[in-house]
1. With each pseudo-label sitting 7 Å past Cα toward Cβ, what's the residue 48-residue 211 distance in nm, one decimal?
2. Would you kindly state how much longer the chain becomes between residue 58 and residue 141 on full extension, computed as 0.36 nm times their sequence separation minus their alpha carbon distance, in nm to one decimal?
3. Once you order the gyration tensor axes a ≥ b ≥ c over the Cα atoms, which shape class does the stretch 122-235 get: rounded for a/c under 1.5, otherwise prolate or oblate by comparing a/b with b/c?
4. Where does each of 209, 197 land when they are ranked from fewest to most other beta-carbon atoms within 10 angstrom?
5. Take every Cα-Cα pair in the stretch 67-168 and report what % of them are more than 20 Å apart.
6. Go ahead and collect, in residue order, the members of the stretch 217-236 whose backbone nitrogen is under 20 Å from a label point 7 Å along the Cα-Cβ direction of residue 196.
7. Among DSSP beta bridges lying fully in the stretch 123-262, give the percent that are antiparallel, nearest 5.
8. For Cα pairs less than 8 Å apart in space and 6+ apart in sequence, what is the mean separation divided by the residue count of the stretch 176-263, i.e. the relative contact order in percent?
């Protein structure tokens, strides 16, 4: 007796068994190829290796999306740190190890808006003043002395948890991209004034943005959590943003002409 499988797909019923088996087989092939490639780049050094690692992370993430069958806008929905995202790729078998940047002072960072990995410079204690004791413990103060324009502000510097970014620290530094890690709660006056940013993702831990925090920095896209206190001139067309935010709450907002609208 011949067994005939019906491979015609009924879209309303999702994946057929045959399609699911094909997806799993493809995932296995991709994973094997990924593991084969990793050792070939481990022996390199510096930025070139980091760029290669980013490409492999993107491939691993595509594989993860395929095998998990995620349909969310963000593949890593529910994960709030890059360490957790990298750990998820490893724990689900999409990587055989968690990569570490070869470039000193760098980190692999997931871009929620672009849905891809990047390698960025992590701000260190030699580039700012980190208050480690007293009433201002956890504050980043002083003036950023680094040359990198694509930066991450980490949750911990010199063993001290970062809680607040003080006024003017990153003002006028020509920054083009800033990643702010979870745990930071407040950005003081003019901290990122006069930069070249186009978008910012604020961590869920953020509770307050002081006067002019991102003034004249060119922002056109903002992702923000619930219940922030926003003072004057924080963003372009700030009154419009506050109005939209009060109505729409947490989410991503786009500047359309002179008006902020929620995506």
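None of the figures in this text is laboratory data; all of them are computed from the coordinates on show. Every value quoted in this text rests on a predicted model; they were computed, and no experiment measured them. Backbone-built Cβ (ideal geometry, glycine too); neighbour counts: all protein chains shown.
1. Going from the residue 48 label point to the residue 211 one covers 5.2 nm.
2. Details: separation 83, 0.36 × 83 = 29.88 nm, distance 3.49 nm.
Once the chain is fully extended between residue 58 and residue 141, it gains 26.4 nm.
3. Working: a/c = 1.56, a/b = 1.20, b/c = 1.30.
Because a/c hits 1.5 or more and a/b fails to exceed b/c, the stretch 122-235 counts as oblate.
4. Numbers: 209 23, 197 17.
So the ranking, lowest neighbour count to highest, is 197, 209.
5. Working: 2515 of 5151 pairs.
Beyond 20 Å sits 49 percent of the P(r) for the stretch 67-168.
6. 217-222, 236
7. Bridges in the stretch 123-262 are about 45 percent antiparallel.
8. Numbers: 200 pairs, mean separation 20.9, N = 88.
That works out to 24 percent.
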